[in-house]
Amino acid sequence: MATKAKKKIHPMPKLGWKDQLIYWVASILTGGFSIGCHFLVLVMQDNIAFSDSQVIARTVGRGNLFYFLICLWCMLSFVLILVGPYQNRFPIFGRSNIKYGPPAYPRTYPLLMKNKPKHWISPKEVQKKKRTRIIVAMVLVLTFLISAAVFPLSLYGRAVLHEDGTVVVYNARNREVHHYTTDEIVSVELEPYRSSGRYISSWYLHFVITTDDSETYKFAAHSFSGTDLQQLQTMIHVKEELYDNQCLISGLEDVQKVIQSQYRQSDEKALVYQLFEIQN
């Protein structure tokens with residue numbers, strides 16, 4: 001006696017345009033924020049530091065890396081969206097021209113579908129699924145709240161150089177914790193330094209300021225405001241006007257590496273030579 005052939009169950013149908021739009025917007029928001037968060041934080045840190053008209057340079061401080069938590073949360077959410085509901089074509093609104101569920105498709109129905117067909121599931125399985133959904137939702141909400149709560153702490157920690165040569169340090173809650181006068185600064189050194197990446201390294205300039213409590217603060221050229229030319233001009237002012245009798249110059253053998261790496265314009269080169277007191 002011939003047995004009746006089972007009907008083939010196809011994979012979930014393609015998502016409708018509404019569902020595609022929702023998933024793409026969610027992916028762009030989470031993935032885009034996780035990538036662009038670093039640049040957003042840098043802009044916000046600059047705006048906060050330079051909102052004080054006395055500040056001519058700023059450098060990072062304690063707590064500046066707290067924003068990595070929300071970046072990580074967004075990146076994980078981005079990955080979960082892509083490899084989970086989007087890849088598995090889980091419908092939200094669904095398509096009006098598709099009849100979801102058996103016999104043609106798996107027993108998966110649009111999230112916002114009304115009057116979903118009911119089928120028997122054991123109470124134990126119902127409780128298990130409900131418990132899993134609650135745990136996942138709580139973890140997502142709790143980790144988001146924690147990462148969002150500490151995000152502002154990544155904006156305020158900094159050390160700033162004032163136009164009178166003093167150095168002021170703020171903690172992650174934007175409270176002033178140290179204010180070093182010029183008398184409390186024991187040494188100022190101008191030197192090139194090398195920043196090494198995974199595939200490439202570059203040379204930069206910075207001031208290394210040491211205080212009488214043995215704390216060290218480094219103000220790189222890019223920590224000053226303005227264009228490259230304006231940054232170099234401000235650094236010359238700092239060396240010649242603020243710390244004329246204190247500023248030590250070192251690393252002259254590496255100055256050309258800095259020029260080749262950062263300053264190709266003739267007017268910029270001239271300022272670098274002036275900064276390091278090199279006759280060209």
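The values are calculated or read from the model by the stated rules, or taken from the named source; none is laboratory data. Quantities reported herein were computed from a predicted structural model and do not represent experimental measurements. Virtual Cβ from ideal backbone geometry, glycine too; neighbours counted across all protein chains shown. Side chains included, ligands, DNA and RNA excluded: accessible areas come from the protein's heavy atoms. Shrake-Rupley method; radii C 1.70, N 1.55, O 1.52, S 1.80 Å.
The single condition from (1) open to solvent by less than 80 Å² (accessible area, probe 1.4 Å); (2) in contact with a strand residue (DSSP E or B) (Cβ under 8 Å, 6 or more places away or on another chain); (3) not hydroxyl-bearing (Ser, Thr, Tyr) that residue 140 fails is (2). Of 183, 212, all but one fail to be in contact with a helix residue (DSSP H, G or I) (Cβ under 6 Å, 6 or more places away or on another chain) and acidic (Asp, Glu); the exception is 212. Whether a residue is at pLDDT below 90, within 30 Å of residue 70 (Cα to Cα), in a helix (DSSP H, G or I) and open to solvent by 70 Å² or more (accessible area, probe 1.4 Å) was assessed, and residue 124 does not pass this test.
Can you find a residue that is open to solvent by 60 Å² or more (accessible area, probe 1.4 Å), in contact (Cβ under 8 Å) with a residue 60 or more places away in the chain and part of a helix (DSSP H, G or I) anywhere in the stretch 164-171? No, the stretch 164-171 has no match at all. The residue of the stretch 23-36 that is nearest to the chain's Cα centre (by Cα), among those that are surrounded by 17 or more Cβ atoms within 10 Å (Cβ to Cβ) and not polar (S, T, N, Q), is 33.
The set of residues in the stretch 262-277 that are open to solvent by 30 Å² or more (accessible area, probe 1.4 Å) and of a type in the set (A, V, I, L, M) contains only 270. Filtering 115, 88 for residues that are polar (S, T, N, Q), at pLDDT 85 or above and open to solvent by 50 Å² or more (accessible area, probe 1.4 Å) leaves a single hit, 88.
Among the residues making up the stretch 244-261, a single one is open to solvent by 60 Å² or more (accessible area, probe 1.4 Å), within 23 Å of residue 56 (Cα to Cα) and modelled with pLDDT of 90 or more: 248.
With respect to (1) farther than 30 Å from residue 180 by Cα; (2) open to solvent by 100 Å² or more (accessible area, probe 1.4 Å), the lone exception for residue 39 is condition (1).
For the stretch 101-111, indicate whether the set of residues that are among the basic types (Lys, Arg) and surrounded by fewer than 13 Cβ atoms within 10 Å (Cβ to Cβ) is non-empty.
Yes.
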